[in-house]
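What follows is a short report on a single structure.
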Amino acid sequence: MGSTKPSGFTIIATLSIVIFLLGLLGVLIINASNLNSHIKDNVEVTVFFNTTIQDEDAELISDSIQKLPFASDGEFVSSEEAVFNFKNEIGEDFVEILGNNPLPASLELSIRKEFADEASLMQLERKIGAIDGVLEVSYPQNVFQQIDRNRRMISFWLVALSVILVVVAFVLMSNTVRLLIYSDRFIIKNQQLIGATEKFIMRPYKRKALNWALISFSIGTVLLFALIWLIFSWLNVSMDMNMSAIADHFTENWYQYILMLFLLLLGGTVVILISTHFATKKYLQTHTNNLYQ
């Protein structure tokens, strides 16, 4: 009869898929975090001034607003500049039609990153709106609400899926390792009977488990980078994306991806070593009469 001893293929395949999926989730989390930071770095609030005040007075108020702690930078737009810009957009001189200039002076105000959240922006809106001479404060409120909701939902499901994948991987690998070591249970017990220590008996199994982890990590990483390359290649062809900008993104955030890969390697190694340790320990503590069960 041929040997029925199972191979480590199931463990390698399972762990490779888990590393690939967790790596994909990691890439999504990194990019979602970077997107959130990018949005916060580019938050702008538009302050409109009363049409009853002169541009010179509006500019003085604008300068005082830009000196506040939450302001990063700002650009004052006079009522005359607003008319000029609007005229270029619609291609018609509406001032001649109306007989007066209805557009107020305004301030395009960039907000510091630490103040770029919904609660802080609402406070800023009230604070700036209370300044004498300010007509209205405008910012994309609905956008931030939707971003916060999406970020919380995506984070929850990504974490939940990651936990499920790790649990499934641990169960599958534990069962497979038990089957592998079950076929060697008599060898393990004979080594123990002749005086071999637990450390000596476990060493070859842990070495094999470490090799499985390294192979699985290599396969999972290759699959991950292959998928990323295919996605960006498709986007480059179908949407004419700027690949140099994408390359710069990965170059600027290389440490995050290195940390992600390190955690994947460490996690996969720890899981498979723990599974191997407990499976081997089980048969070391099993009485000889129970080995036939």
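Coordinate-derived values only; no laboratory data. This structure is a prediction, so every number in the text was calculated from the model and none was measured. Here the Cβ is made from the backbone with ideal geometry for all residues, glycine too, and neighbour counts use every protein chain on show.
Would you mind ranking Leu265, Leu230 by Cβ crowding within 10 Å, fewest neighbours first?
By the 10 Å Cβ count, ascending: Leu230, Leu265.
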> Label points 7 Å out from Cα along the Cβ direction at Ile164 and Leu60: separation in nm?
Replying inline: 6.3 nm
